[in-house]
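All remarks here apply to the structure that follows.
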Amino acid sequence: MGKYIFVLGRNPELSVLELKSYLEARNIAYDLLEATKEILLLQLPNLDFRKMIKDLGGIVKIGEVGFKNFYEGDKNKILYGVNRYSSNLKINFNEIFKAEGIKAYLKAKENINPSKSVKLDVEFLIYKNNVAKVVAVFNPKEYKERDKRPYLDSLRVSSIRLSKILINLSGAKEGDLLLDPFCGVGTILQEALLMGIKVLGVDKDKIIIDKCKENLRWLNKNGWEVINADSRYLSKYIKSVDNVATEPYLGPFLNSPPNNEEAKRIIKLLEELYSPLFNELYKIVKGKVSIVIPWFRSTSGMEFRIDFKTIFKRAGFVATSGYPIKYEEGSTIKREIWVLKRKV
């Protein structure tokens, strides 16, 4: 067991819940030593942290406390960075590197974003009296590479970051079968496949299903199936899945906030869709369901919300502790994330 610093993303509360779910799903023992709005200090086994940060959507960097060498490469001139979190600890890195025969240049300090981090030879995180060397960092270029898939529709696609978070909140792990009942062009399916999770996608739009298949073939991974069907009748096509992660249909596209009557119509439409969906999910899902649920603020300033608690309780689900949690709010559609499980 060692100590590690995890740098949280722009929604710290959600980042913490995602990391906790990820570790617990894999039966990885850990102790939370300290937490702030920016970082977590954990004690846990030495893991494949580079893989972990690729799997997670809400963690920006991981640093190892108690590392052996300040620099392990073969360069004699390096660029380094230092991030401080609630610490006045003074360390002369230049002198340390000089003693090792290395010319080191402080290239970046404080709030170093991932795009700069990946250009450094080594980076350090300092929290109180803990000094950590970064062993894994989120690389935004990898997201851009995946956006080169054959079909991308900004109105129908979940973000890669949100997709990863939903997958991890569902408790899905390597070898599980994950369902997305509103798969669209397949972003959640894509990210789960890259994590070693088998996937099943459903969408009632035949054209979109064909595009989803193109995207998954482009990924060149086995372990997927997509079905052209209505998610209100899932049990007709699916016997059992381990977990569900989805950003479902959130209502018609809106250029501006709806008026009160429009908001009421959207809420009614979505309730009529989500109610039979959860009745069907109860029949087939064994584990957790992570889902995005929309709400609206009308032009008059009134809030309009789906009676989601009644929907999932009638179907036989309960909310897990800590949910719902707000996700990034758009100007027209507001969103929150729920994680549900079958009632015992």
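Below is a table of values for the structure above.
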item: Sequence-distant lysines (8 or more away, or on other chains) whose Cα lies within less than 17 Å of residue 326; result: 37, 164, 309, 334
item: Whole-Hz couplings from phi, Karplus 6.51/-1.76/1.60, listed for the range 285-290; x for Gly and Pro; result: 8, 9, x, 8, 10, 10
item: Stretch gain in nm, segment residue 269-residue 36, where the contour uses 0.36 nm per residue and the Cα spacing is subtracted; result: 79.8 nm
item: About the Cα centre, charge dipole magnitude for the chain (Lys/Arg +1, Asp/Glu -1 at Cβ), debye; result: 200
item: By average C-beta atoms within 10 angstrom, highest first, the peptides 333-343, 316-326; result: 333-343, 316-326
item: Matching label, percent of Cα pairs over 30 Å apart computed from the structure shown, candidates (1) 57; (2) 42; (3) 66; result: (2)
item: In sequence order, calculated HN-Hα J values of the range 235-242 (Karplus, 6.51, -1.76, 1.60; Hz; x Gly/Pro); result: 5, 6, 10, 10, 8, 7, 9, 7
item: R0 of 51 Å, Cβ-Cβ distance residue 96-residue 325: FRET efficiency to nearest 0.05; result: 0.80
item: Dipole magnitude (debye, nearest 20) for the range 285-339, charges at Cβ of Lys, Arg, Asp, Glu; result: 260
item: Length added when fully stretched, residue 254-residue 67, from 0.36 nm per residue minus Cα-Cα; result: 62.2 nm
item: Net charge contributed by nearby residues that have their C-beta within less than 11 Å of residue 179 (K/R +1, D/E -1); result: -3
item: Amide H partners (placed H, <5 Å) of residue 230, local residues excluded; result: none
item: Whole-number percent relative contact order across the range 143-342, with pairs defined as alpha carbons under 8 Å at least 6 apart; result: 19
item: For residue 135, net neighbour charge (Lys/Arg +1, Asp/Glu -1) across residues whose Cβ lies under 14 Å away; result: +2
item: Antiparallel DSSP beta bridges within the range 143-342, percent to nearest 5; result: 50
item: Two-site FRET efficiency, residue 298 against residue 145, from Cβ-Cβ distance with R₀ of 41 Å, rounded to 0.05; result: 0.55
item: Protection-proxy order for peptides 239-252, 45-58, each taking the mean of Cβ atoms within 10 Å per residue, highest first; result: 239-252, 45-58
item: Extension gain, residue 116 back to residue 27 (0.36 nm per residue minus Cα-Cα distance, nm); result: 28.7 nm
item: Sequence-separation-based contact order of the chain, relative, with Cα cut under 8 Å and 6+ spacing, percent; result: 13
item: Under 19 Å from the residue 84 label point (7 Å along Cα→beta-carbon), backbone N, the range 39-75; result: 39-40
item: Dipole axis of the chain (+1 Lys, Arg; -1 Asp, Glu on Cβ), positive-most option in 15, 163, 322; result: 15
item: DSSP bridge pairs, the range 73-169: antiparallel proportion in percent, nearest 5; result: 25
item: Cross-link pairs beyond the 21 Å C-alpha cut-off, checked among 20/221; 206/268; 98/133; 54/343; 239/341; result: 20/221; 206/268; 54/343
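Readers should treat all values here as calculations from the given coordinates under stated rules, not as data from a laboratory. If you're wondering where the values come from, they're calculated on a predicted model, not measured in any experiment. For neighbour counting, all protein chains shown are included, and Cβ atoms are generated from backbone atoms with ideal geometry for every residue, glycine included.
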